[in-house]
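Undergrad: I have a structure I would like to understand better, so I am pasting it below and will then ask my questions one at a time.
The values are calculated or read from the model by the stated rules, or taken from the named source; none is laboratory data. Nothing here was measured: the structure is a model prediction, and the numbers come from that model. Positions of Cβ are generated from backbone atoms using ideal geometry, with glycine treated the same way; all protein chains shown enter the neighbour counts. Just so you know, the surface numbers come from the protein's heavy atoms only, side chains and all, with ligands and any DNA or RNA stripped out. Shrake-Rupley method; radii C 1.70, N 1.55, O 1.52, S 1.80 Å.
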Amino acid sequence: FFDDGFGTVVELGGNDLSFARKLLTRSTGVTVIDPVCEQVDGTSVDGINVFGRFVENVDIRKEIGQVNLIVARHTLEHVASPLALLEQLFTQCPDECLFVFEVPSLSSMCESYRFDAVFHQHYHYFDVDSFKYLIAKAGGSYVSHVDNYQGSCGGSLLIAFRSQKDMNQGSSGTIDAIKRKRDILARIEVFERQMEL
């Protein structure tokens with residue numbers, strides 16, 4: 001996608017700006033949006049534009065302008081309404097903008113019985129199917145994904161998508177919530193038995 005660099009990049013949840021600093025070498029500009037950066041809201045730190053606010057309170061089109069890439073590493077699971085956030089981003093960003101999000105992987109967590117990794121600050125856990133469903137429901141299209149079976153959350157899912165609906169892409173399908181719940185509860189039961197032993 002980005003043979004000549006990333007263009008203008010926005011990182012959601014930039015925290016200490018370390019990843020944003022790495023993005024600077026391959027972009028024409030980097031902006032971080034993270035309420036943790038409230039003390040430096042509206043300033044530039046090492047060439048990185050910083051919004052110390054929740055992303056829901058930033059109008060990317062008006063306050064940042066044209067964006068080519070939006071990245072979020074372990075951020076979406078902390079958002080109360082991920083559907084509303086994706087709809088907002090899709091409205092504020094151009095159709096050709098690429099989104100690359102990393103979230104804890106529900107599939108990896110279930111497969112490895114890592115329910116000890118459930119974290120009190122996470123509203124949501126996603127697998128590929130549920131994330132594809134979320135993207136489609138917000139009006140976007142799935143591009144690709146990679147599973148990372150390492151990490152503190154029992155593994156993560158890295159997924160790329162665009163805001164523009166791909167007419168050649170089939171429907172995101174439906175999710176059998178009853179079966180999924182039954183399968184997850186069965187795995188939780190095994191996990192609980194293991195913990196008792």
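Undergrad: What number, rounded to the nearest 500 deg cm²/dmol, is the helix-based mean residue ellipticity at 222 nm of the chain, given -39500 (n - 2.57) per DSSP H run of at least four residues and division by all its residues?
TA: -8500 deg cm²/dmol
Undergrad: On to the next question. How large is the charge dipole for segment 1-113, taken about the Cα centre, if only the Cβ atoms of Lys, Arg (+1) and Asp, Glu (-1) carry charge, to the nearest 20 debye? Before the final figure, lay out the partial values.
TA: Numbers: 7 positive and 17 negative charges, 36 e Å.
Magnitude of the dipole: close to 180 debye.
Undergrad: On a 1.4 Å probe surface of the protein chains, which of ARG193, ARG21 comes out largest in accessible area, and what is the full order?
TA: Working: ARG193 120, ARG21 95 Å².
From most exposed to least exposed: ARG193, ARG21.
Undergrad: Let me cross-check SER112: its accessible surface, 1.4 Å probe, with only protein heavy atoms counted, in Å² to the nearest 10?
TA: About 60 Å², ignoring ligands and nucleic acids.
Undergrad: Based on a Kirkwood Rh over C-alpha pairs, give the Stokes-Einstein translational diffusion coefficient of segment 46-197 at 37 °C and viscosity 0.692 mPa s in µm²/s.
TA: Values: Rh = 16.8 Å.
So the translational diffusion coefficient is about 195 µm²/s.
Undergrad: Suppose accessible area is computed on protein heavy atoms with a 1.4 Å probe; arrange PHE54, PHE161 from highest to lowest.
TA: On the way: PHE54 120, PHE161 0 Å².
In descending accessible area the options line up as PHE54, PHE161.
Undergrad: Just to confirm, what accessible area per residue do you get for the chain at 1.4 Å probe, in whole Å²?
TA: Numbers: 10950 Å² over 197 residues.
That works out to 56 Å² for each residue.
Undergrad: How far is the Cα center of segment 80-138 from the Cα center of segment 143-164, in Å?
TA: First find each Cα centre; the distance between them is then 9 Å.
Undergrad: Leaving ligands, DNA and RNA out of it, rank MET109, MET195 by accessible area with a 1.4 Å probe, largest first.
TA: Working: MET109 5, MET195 120 Å².
If we order MET109, MET195 from most to least accessible, we get MET195, MET109.
Undergrad: Among ILE48, PHE126, GLY7, whose Cα projects farthest towards the positive end of the dipole of the chain, with charges put on the beta-carbon of Lys, Arg (+1) and Asp, Glu (-1)?
TA: With unit charges placed on the Cβ atoms, the residue in question is PHE126.
Undergrad: So, taking all protein chains as they sit and a 1.4 Å probe, how much accessible area belongs to PHE119, in Å² rounded to tens?
TA: Using a 1.4 Å probe on the heavy atoms, I get roughly 80 Å².
Undergrad: Just name one of ALA136, SER112, VAL32: the one whose Cα is farthest towards the positive end of the charge dipole of the chain (beta-carbon charges, Lys/Arg +1, Asp/Glu -1).
TA: Of the options given, the answer is ALA136.
Undergrad: Can you count the Lys pairs in the chain with C-alpha separation below 21 Å, eight or more apart or on different chains? Don't jump to the answer; show the numbers that get you there.
TA: On the way: LYS132/LYS165; LYS132/LYS179; LYS132/LYS181; LYS137/LYS165; LYS137/LYS179; LYS137/LYS181.
Lysine pair count for the chain: 6.
Undergrad: Further question: Rolling a 1.4 angstrom probe over the protein chains, ignoring ligands and nucleic acids, what is the accessible area of ARG182 in square angstrom, nearest 10?
TA: Near enough 140 Å² of accessible area.
Undergrad: Moving on to the next point. Hey, can you grab everything whose amide H is under 5 Å from the amide H of GLY13? Only 5+ residues off in sequence or another chain; H modelled, so Pro and N-termini drop out.
TA: Amide H to amide H, under 5 Å and 5 or more residues apart or across chains, GLY13 pairs with ILE33, ASP34.
Undergrad: Next question. Considering the convex hull of the alpha carbon atoms of segment 1-95, report its projected area averaged over all viewing directions, in nm², one decimal.
TA: Details: hull surface 23.7 nm².
If I average the Cα hull's projected area over directions, I get 5.9 nm².
Undergrad: GNM on the chain, C-alpha springs below 10 Å: top fluctuator among VAL45, VAL71, VAL55?
TA: Comparing VAL45, VAL71, VAL55 in the GNM, the peak value goes to VAL45.
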